[in-house]
Amino acid sequence: MACAHDGSVERAQTIARAASKADALQIQLFHAEKLVVPQEAPNVRELELSPEDWEEVAQEARIADLDLWATVFDEEAIERALQLDADALKIHSTDVSNPFLLQACAETKLPLSLSVGGAYVSEIASAVRTLERHGVSHLLLTHGFQDFPTAPKDTRLGFISTLDRLFPYPVGYQDHTEGGSDFAYTLPLSAIGLGARVIEKHITDDRSREGTDYISSLEPEEFGQFVEKVNAVNGTFSGQRPDALSEAEEEYRKSVKRRIVAGTEIPIGTTVTKEHITLLRADTGIKANRLDFVLGRKSQRSLEPGEVITEDHLT
């Protein structure tokens, strides 16, 4: 959700309901005075919701069967997240190098998502060490950053594989491409192929309203379609284990593999040679890669041209 609610609890509740097809709703908890310099605080303060408002939003998320993730920007926000019974905390890339917040988040013992957009590997490694030192046990590294919007060339999806190689933690991708473009769908799906285990996607009630964070957001109907695409694509990247074929592939094998077939009439007692056989597609019979088993054996009965040869036919 980020700040797409623009300070309206009613809009936040609407967005929470619209996100119901996802696995989790992520909110942002902050206090303007603890986030930005004084001259910018008034604008940021307009995006805050009260504790009572967040209780109502959290209730909508639970009704929609959504886990609640909270991006926290200060220790008071962490306390608010705990009061909301958040399932996970997210550390914004703002705080990758903030040892105080890193420690405070780790000490909650909740699963953590560490946003690493715009961070150097050395900064990420330092943050990970701090979190580990303070007892983190479940950590997700989330690649991606918010430009307005982020250009496809700047998404650097290949960094997902790099993070997967450098750190012993799962990697996620937070997409901030233009919400009305095809890239809003294709890049997150590509990220799954590169190893992303979690996809973050912005949602808003109405993109034409041009509210906060609208530019990289999907509208409710689009968001539902997006989740369906993610779930469909997520299942296509199996197959990393050798010979772990799907049931559909096993059925496919039965009909397309060549089998050993009588190419001519083979009288009973005939020693089968290469001249007696052909290799054709069939659902049953001895597979073509077992020629050595067939050649040189004798037929136990007469075989007609085109008849599939089985082990029972040979002696």
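Going through the stretch 21-34 one residue at a time, which ones are without any contact (Cβ under 8 Å) to a residue 40 or more places away in the chain and either hydroxyl-bearing (Ser, Thr, Tyr) or open to solvent by less than 70 Å² (accessible area, probe 1.4 Å) (or both)?
Selection gives ALA32 alone.
Identify, by number, the condition in (1) out of contact with any Cys (no Cβ under 8 Å at 6 or more places or on another chain); (2) among the hydrophobic types (A, V, I, L, M, F, W, C); (3) in a strand (DSSP E or B) that VAL44 doesn't meet.
(3)
For the stretch 97-119, which positions are small (Gly, Ala, Ser) and either part of a helix (DSSP H, G or I) or buried (at least 19 other Cβ atoms within 10 Å of the Cβ) (or both)?
Within the stretch 97-119, ALA104, ALA106, SER113, SER115, GLY117, ALA119 meet the criteria.
Looking at this structure, is TRP54 part of a helix (DSSP H, G or I) and among the aromatic types (Phe, Trp, Tyr)?
yes
Can you find even one residue in the stretch 233-240 that is of a type outside the set (Asp, Glu), in contact with a Leu (Cβ under 7 Å, 6 or more places away or on another chain), under 30 Å from LEU66 (Cβ atoms) and open to solvent by less than 70 Å² (accessible area, probe 1.4 Å)?
yes
Going by the structure shown, is GLU265 open to solvent by 60 Å² or more (accessible area, probe 1.4 Å) and closer than 22 Å to PHE293 by Cβ?
Yes: the conditions hold for GLU265.
If you take the residues of the stretch 81-96 that are open to solvent by less than 50 Å² (accessible area, probe 1.4 Å) and not aliphatic (A, V, I, L, M), which of them is nearest to VAL198 (Cα to Cα)?
So the residue we want is LYS90.
Given (1) open to solvent by 10 Å² or more (accessible area, probe 1.4 Å); (2) in a helix (DSSP H, G or I); (3) in contact (Cβ under 8 Å) with a residue 40 or more places away in the chain, where does PHE148 come up short, assuming only one miss?
(2)
Just one of the numbered conditions (1) among the small types (Gly, Ala, Ser); (2) under 18 Å from the mean Cα position of the chain (by Cα); (3) within 21 Å of ARG11 (Cα to Cα) is not true of GLY172; which one?
All conditions are met except number (3).
Within the group VAL256, VAL227, which residue is touching a residue at least 40 places away in the same chain (Cβ under 8 Å) and open to solvent by less than 60 Å² (accessible area, probe 1.4 Å)?
VAL227
In the stretch 151-169, which residue that is outside any loop (DSSP other than H, G, I, E, B) and over 18 Å from the mean Cα position of the chain (by Cα) is nearest to GLU222 (Cα to Cα)?
Among those that are outside any loop (DSSP other than H, G, I, E, B) and over 18 Å from the mean Cα position of the chain (by Cα), it is PRO152.
How many residues does the stretch 194-218 contain that are touching a residue at least 24 places away in the same chain (Cβ under 8 Å) and open to solvent by 50 Å² or more (accessible area, probe 1.4 Å)?
Looking only at that region, the number is 3.
The values are calculated or read from the model by the stated rules, or taken from the named source; none is laboratory data. All figures in this text were calculated on a predicted structure; none of them were measured in a lab. Reconstructed Cβ throughout: ideal geometry from the backbone, glycine too, with neighbour counts over all protein chains shown. What goes into the accessible areas is simple: the full protein's heavy atoms, side chains included, and nothing from ligands, DNA or RNA. Shrake-Rupley method; radii C 1.70, N 1.55, O 1.52, S 1.80 Å.
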